[in-house]
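The values are calculated or read from the model by the stated rules, or taken from the named source; none is laboratory data. The structure displayed is predicted, hence computed values, not measured ones. We place every Cβ from the backbone using ideal geometry, glycine too, and count neighbours over all the protein chains shown.
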Amino acid sequence: MNLQQRKWLFLILLSLVWGSSYILIKKALLGFQPIPLGALRITTSSILLLMVGFSSLKKIKKHQWKYIFYTAFLGTFFPVFLFSFAVQEIDSSIASMLNSFTPFNTFIIGIMVFSFGFKKKQFIGILLGLIGTSILILKGAEMNPNQNYWFSLLAILATFGYAMNVNIVKKYLSDLDALAIITGNFLMMLIPAILVLFYSGFFSEFKGDELQIDSLLYVVILAVFGTGVAKVLYTKLVQISTPVFASSVTYLMPLVAILWGSLDGEKLSILQLFAGLLIMAGVYLVNRAK
């Protein structure tokens, strides 16, 4: 498999996994509040990754640990909690659509902070993606007037963390094994996550009823696939492509999330389907710009 094929394979797999994460968050929130949910997700992922990738930590050089710290909290820790709160108030599919701001923020931060070069076609592709995303959001708000769209700001804030993460990885950690980066990330987050989990009252409030057991299962699936496996794939994708192409996974995720949302009773219109096609066109242009 050549490099171009690997890039698209990783992009499609990540779209399926992360696009499904939002409905899993929605289901997990039926049994847990956002803070314990986020802490439990990170704690579970940390234990899993340390079991699998502990030996890879020796590949991290001393000067790289500060970037591991930055990417851990900007790219995972804070976004996990921000999206948990967002999905509690708005449809899971809308939360995924808001994540499409990531490529735009990656573009701006890459130019202003990291001096990365971008082509005109990439900029046009990002604009198409943003137009499609805007249509999806506005139509979703129109169809769901009872939802609190102020919480959408939390999802948008999380995309700034994602954008910083992808640029830091590309700029400073491109030569480091993807598993080492992610294992290092979760090593950094394990103790803070356990402390948040403890002080959130999770252990005293967990009753073990059917609803909470189901929610716990969703959290484990999120931790294993949506956080652990997907993070390794995403980091590898950043290393073998460009920051903008890698962050374009957020253009495809809404299509998967909309499908899950519609199966769960969330409303979908023809205009939203058209917006999805605009998003796909944006991904194509971003990839075509060499």
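Computed values, structure above
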{"quantity": "Residue match in segment 236-243 (condition: among the hydroxyl-bearing types (Ser, Thr, Tyr), more than 30 Å from residue 276 (Cα to Cα) and modelled with pLDDT of 80 or more)", "calculated": "no"}
{"quantity": "Residues satisfying the stated conditions in segment 201-210, i.e. surrounded by fewer than 12 Cβ atoms within 10 Å (Cβ to Cβ) and assigned to a helix (DSSP H, G or I)", "calculated": "203, 204, 205, 210"}
{"quantity": "Conditions (1) under 30 Å from residue 146 (Cβ atoms); (2) surrounded by 21 or more Cβ atoms within 10 Å (Cβ to Cβ); (3) over 13 Å from the mean Cα position of the chain (by Cα); (4) at pLDDT 90 or above: number failed by residue 88", "calculated": "(2)"}
{"quantity": "Residue check for residue 13: within 25 Å of residue 160 (Cα to Cα) and assigned to a helix (DSSP H, G or I)", "calculated": "yes"}
{"quantity": "Top-ranked residue in segment 62-84 [being more than 14 Å from the chain's Cα centre (by Cα) and in contact (Cβ under 8 Å) with a residue 24 or more places away in the chain; ranked as surrounded by the most Cβ atoms within 10 Å (Cβ to Cβ)]", "calculated": "68"}
{"quantity": "Residues of segment 191-217 classified as closer than 20 Å to residue 22 by Cα and either without any contact (Cβ under 8 Å) to a residue 24 or more places away in the chain or within 25 Å of the chain's Cα centre (by Cα) (or both), total", "calculated": "6"}
{"quantity": "Residue check, residue 156 of a type in the set (Val, Ile, Thr) and within 15 Å of the chain's Cα centre (by Cα)", "calculated": "yes"}
{"quantity": "Number of positions in segment 91-112 that are touching a helix residue (DSSP H, G or I) at 6+ places or on another chain (Cβ under 9 Å), among the aliphatic types (A, V, I, L, M) and surrounded by fewer than 24 Cβ atoms within 10 Å (Cβ to Cβ)", "calculated": "2"}
{"quantity": "Identity of the residue in segment 97-112, hydroxyl-bearing (Ser, Thr, Tyr) and out of contact with any Leu (no Cβ under 8 Å at 6 or more places or on another chain), that ends up nearest to residue 139 (Cα to Cα)", "calculated": "102"}
{"quantity": "Residue 254 being buried (at least 24 other Cβ atoms within 10 Å of the Cβ) and either touching a residue at least 60 places away in the same chain (Cβ under 8 Å) or closer than 27 Å to residue 5 by Cβ (or both)", "calculated": "yes"}
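Each row is one residue, and each column tells you yes or no for (1) within 30 Å of residue 53 (Cα to Cα); (2) at pLDDT 80 or above; (3) out of contact with any Pro (no Cβ under 8 Å at 6 or more places or on another chain).
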| site | (1), (2), (3) |
| --- | --- |
| 119 | no, no, yes |
| 129 | no, no, no |
| 133 | no, no, no |
| 152 | no, yes, yes |
| 158 | yes, yes, no |
| 170 | yes, yes, no |
| 173 | yes, yes, yes |
| 181 | yes, yes, yes |
| 203 | yes, yes, yes |
